[in-house]
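Take a look at the structure set out below.
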Amino acid sequence: MALPPAVQALWDDLQAARAEVLKELEGLTQAQADWRPGDKDWCIGEVIHHVTLAEVASGKLTTKLLREAEAQGKLQPFPPALTELTPLPPAPSGGPPEAPPHIWPEKSGPIGELLAEMRSVRERTRQNIGRLATVDPRPLKWIHVPLGELNLAQAWTIILNHDRMHLQHIRKIKASPGFPER
């Protein structure tokens with residue numbers, strides 16, 4: 001199924017950001033994936049797990065919002081005139097917010113398994129983006145702390161920005177003094 005142009009643009013951006021993340025992770029050894037710049041810092045494996053958990057959470061949110069709207073008879077088709085998805089509101093000052101506990105990394109683990117899980121979740125995300133493309137996302141609301149009320153398309157824009165933010169996080173870890181050569 002062809003996606004509406006606004007949703008296709010979102011999907012293309014999601015894929016481009018993920019491709020950058022995966023490129024940055026190419027050839028990473030287990031020692032590198034498990035290395036921490038400091039005692040309280042995440043290792044790259046934990047960053048990968050966190051990014052994956054956040055994407056899973058957005059998939060669950062998609063299912064929840066669609067089911068609720070369908071049960072209430074409030075699902076509307078994607079409007080052909082909708083050429084742009086609602087942008088995110090400005091982030092509050094003070095840097096990125098702390099991740100909610102349900103998407104804290106639970107583990108690092110074997111790098112191959114973490115990457116396979118990340119790729120598998122992205123395949124499910126494509127299905128969710130296909131579902132998003134069939135409905136008007138604007139009335140499908142949820143509350144994001146600290147951004148406030150957002151719509152379903154904005155949930156996926158957060159995932160896009162999240163990948164970009166953690167790409168920089170991974171690069172910073174790799175550039176830290178003491179990062180293993182192999």
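Just so it is clear, none of the values below were taken in a lab; they were calculated from the coordinates. Computed from a predicted structure; not experimentally measured. Reconstructed Cβ throughout: ideal geometry from the backbone, glycine too, with neighbour counts over all protein chains shown.
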Fill in: Ascending count of other beta-carbon atoms within 10 Å, so fewest first, for Leu114, Leu25, Leu75
Leu75, Leu25, Leu114
Fill in: Calculated diffusion of region 53-127, Stokes-Einstein form, Kirkwood radius summed over Cα pairs, 10 °C and 1.306 mPa s, µm²/s
100
Fill in: Packing-based exposure ordering (other Cβ within 10 Å, fewest first) of Met165, Met118, Met1
Met1, Met165, Met118
Item to complete: Return one number: the angle in degrees, 0 to 90 and rounded to the nearest 10, between the long axis of the Cα atoms of helix 111-132 and the longest principal axis of the Cα atoms of the chain.
Response: 10
Fill in: Read-out volume of the Cα convex hull per residue in Å³, derived from the coordinates shown; its label in (i) 123; (ii) 142; (iii) 110
(i)
Worksheet item: Most mobile of Pro92, Pro79, Pro110 per a Gaussian network model of the chain (Cα springs, under 10 Å)?
Response: Pro92
Discussion item. Considering all projection directions equally, how large on average is the shadow of the alpha-carbon convex hull of region 6-65, in square nanometres?
Written reply: 5.5
Worksheet item: Given the options Leu167, Leu14, Leu22, which has the most mean-square fluctuation in a GNM of the chain, springs set between C-alpha atoms less than 10 angstrom apart?
Response: Leu22
Worksheet item: So, in Å, what gap is there between the alpha-carbon centers of region 124-182 and region 24-49?
Response: 19
Worksheet item: Of Lys23, Lys40, Lys64, which is the most mobile in a GNM of the chain whose springs link Cα atoms less than 10 angstrom apart?
Response: Lys40
Worksheet entry | Longest segment of the chain lacking GluC sites (Glu not before Pro) that sit in a DSSP loop with at most 13 other Cβ atoms within 10 Å | 107-180
Worksheet item: For the Cα atoms of the chain, what angle does the longest principal axis make with the long axis of helix 44-71, in degrees from 0 to 90, nearest 10?
Response: 10
Worksheet item: Stretched out fully, how many nm does the piece from Glu68 to Glu84 gain, at 0.36 nm a residue minus the Cα gap?
Response: 3.3 nm
Worksheet, complete the sentence: Per-residue ellipticity at 222 nm attributable to helices in the chain (runs of n ≥ 4 DSSP H, -39500 (n - 2.57) apiece, nearest 500 deg cm²/dmol) works out to -19000 deg cm²/dmol
Worksheet item: So which of Lys23/Lys174; Lys107/Lys172; Lys60/Lys107; Lys23/Lys60; Lys40/Lys107 end up more than 18 Å apart by C-alpha?
Response: Lys107/Lys172; Lys60/Lys107; Lys23/Lys60
